[in-house]
Structures are given as structure tokens and as C-alpha cells.
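No lab work stands behind these numbers, since they all come straight from the coordinates. Since we're looking at a predicted model, the values are computed, not measured. Here the Cβ is made from the backbone with ideal geometry for all residues, glycine too, and neighbour counts use every protein chain on show.
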Amino acid sequence: MAERETIVCQDVVELSRQSAQCFSHLARQSVEVSGCFTVALSGGSTPKHLYSLLASPGYKERVPWKSVHLFWGDERCVPPDHAGSNFRMVQESLLSKIDIPPENIHRMAGEREPQAAAAAYEKNLQEFFGLENGALPRFDLILLGIGEDGHTASLFRGSDALSETKRLVAAPYVEKLNSYRLTLTLPVLNNGAEVWFLVTGNGKAEAVKEVFSGSSDLPAAKVQPIDGKLTWFITEDAAAGLSAGGK
Ligand code: 6PG
């Protein structure tokens, strides 16, 4: 079982503040050690609060954006200007407000045929991280959320993508959404140096409780970094099913 830290926050404002402070500290530390900071961003509404805060005065100056490389943990199979695009959400909440080199933005091509987009992103990862012979990328930070059904990234219960052991990026068809998605696979998520879940809302309490039970086969429960740190930033309402202290 990966080392897990749980940070219970009063509300999404505090969750965003705490995670933003940790993000800027980790970014500076990574850039000092290795010269860059690689992040796989989550989609959804919760992380949008974090992205907006990171883009705000008093926060954006604390992150060495010129050495930060932003990737996506998953993407909807839509054009980048589509209302459902995770890229568009990040573009509007963060990228449009910070000074980051365009070459540091590594977008998943949601507009392409899904399998081709997945293969292209996998190639991008292999080239950027200098990977050979099936090696895995090691992101400095991977941001994730959890759905009320226990999905994470675009890994949904019953999906073949959950049992992918070789490919870095998959393009599963998600029955319940009647659409394809692009997603990093579990081997990549579990190779992250730091993996954070950002979780708010009472609707997530059941899924969170099940994941924390230690005996769940929900997709989010399969995120167990092999040699990395797992941190849950979770608001009190989403932690309602946990014992005191978020255990
Ligand atoms: C997406 C995300 C998805 C998200 C969860 C939780 O593309 O939507 O990757 O996995 O993290 O659905 O979303 P919220 O944080 O908005 O509840």
C-alpha cells in the first residue's frame, strides 16, 4: 500500500489554498533539483479552483512557469475549444493568465481519431521523457479527481483500460457517457513521484469511503504509487464517511 497522506479541508477554498501552496513548493523544489517540473493535470470542476488560484496574483509569481511542463491525465474526445474540453478549461483558468512557453504545454489531441490521438500522445511522452523499451514516464506530480462512481482520470469501472499494463495512453469507449476518452493508464499514474486527489462534495463521500476501506476495486482505489507519495486533498463533506482524521 502506498504511503497516503490525507489533508481534510473545510471547503474548496481552503483545499485550493493548501494544494496551491504545496504545488508551488513542489514546483520550486523540482526545478531546483532537476531543472523542470512535470505535471499531469486533471479535468473536472474541482481542480479548476486550484488552476484559477495558481493563476492569481500572489500565487503565480511563486511558480517557475518557464520550467514547468503541463500534460493532461485525460481528455474528452472533442476539439480543444469545445465546452467539454479539459484543455479549454485549463486554458481559460490558467494558461491564459500565466507566462508559460507554448512548447511547455503538451495537449492531448481530443479532436483526432481516439486511437491515433492516444498513440500520438504516447509517442510525445516517450520523446519528452526519453523512454526506451517500454519504460514508464515519471511525472513529478499527477493531479486526479474521483467521480461519484469511483472513476479517476478517464478510467471507469469495467473498462479494459484498467487492465492495460504496457501502453501509456488508452482511448477507451465509455458506455455510460456514450463517448470515447483519452487517458493515462494505471502504470503511468502509479509511477508518479507525487499523486494528488482533489476531492470535494458530499456526493463523493461513498466512493471515498470505499476507496479508503482498502478492499475496493474502484478505479480510484487502484491508484497506488509504487515509489511515490499519494495525497488526498479532501473537503469535510467528501470525507464524511471517514473516521476522524481522514483515515
Ligand atoms: C474529467 C476528469 C475526471 C474528474 C472526476 C471528478 O475529465 O472529468 O478527469 O476524472 O476528475 O470526474 O470531477 P470533479 O472534480 O469535477 O468532481
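Across the options 100, 86, 203, the greatest Cα extent toward the positive end of the charge dipole of the chain (unit charges at beta carbon of Lys, Arg, Asp, Glu) belongs to 100.
So which GluC sites (Glu not before Pro) in the range 65-162 pass both tests, a DSSP loop state and at most 13 other Cβ atoms within 10 Å of the Cβ?
On the way: sites: 75, 92, 103, 111, 122, 127, 132, 148; in loops: 111, 132, 148.
Loop-located and lightly packed - 132, 148.
What does the net charge come to around residue 179 if you take all other residues with beta carbon closer than 13 Å to its beta carbon, with K and R at +1 and D and E at -1?
Numbers: positive: 76, 176, 181; negative: 74, 75, 175.
Here the charged neighbours net out to 0.
For the range 181-247, the relative contact order works out to 47 percent when only alpha carbon pairs closer than 8 Å and six or more residues apart are counted.
When only Cα pairs below 8 angstrom with a gap of at least 6 residues are kept, the range 40-141 shows a relative contact order of 28 percent.
Using alpha-carbon pairs under 8 Å, 6+ residues apart, how would you state the relative contact order of the chain in percent? Can you show the working numbers first?
On the way: 518 pairs, mean separation 60.6, N = 247.
That works out to 25 percent.
Does the chain classify as rounded, prolate or oblate by the C-alpha gyration tensor (a ≥ b ≥ c root eigenvalues; a/c under 1.5 gives rounded; else a/b over b/c gives prolate, otherwise oblate)? Rounded, because the longest to shortest axis ratio a/c is under 1.5. Magnitude of the charge dipole for the chain, about its Cα centre and with charges confined to Cβ atoms of Lys, Arg (+1) and Asp, Glu (-1), is about 180 debye. Each residue of the range 169-174 is assigned a 3J(HN,Hα), and the resulting list reads 9, 10, 10, x, 8, 9 Hz, derived from the Karplus form 6.51 cos²θ - 1.76 cosθ + 1.60 (θ = phi - 60°), x at Gly and Pro. Shape class of the range 126-247 from the alpha-carbon gyration tensor: oblate, with a/c at 1.5 or above and b/c at least as large as a/b. Taking every DSSP beta bridge with both residues inside the chain, roughly what % is antiparallel (nearest 5)? Roughly 25 percent of the DSSP beta bridges within the chain come out antiparallel.
For the residue pairs 123/176; 60/222; 48/97; 123/222; 60/204, the alpha carbons lie more than 22 Å apart in 123/176; 60/222; 123/222; 60/204.
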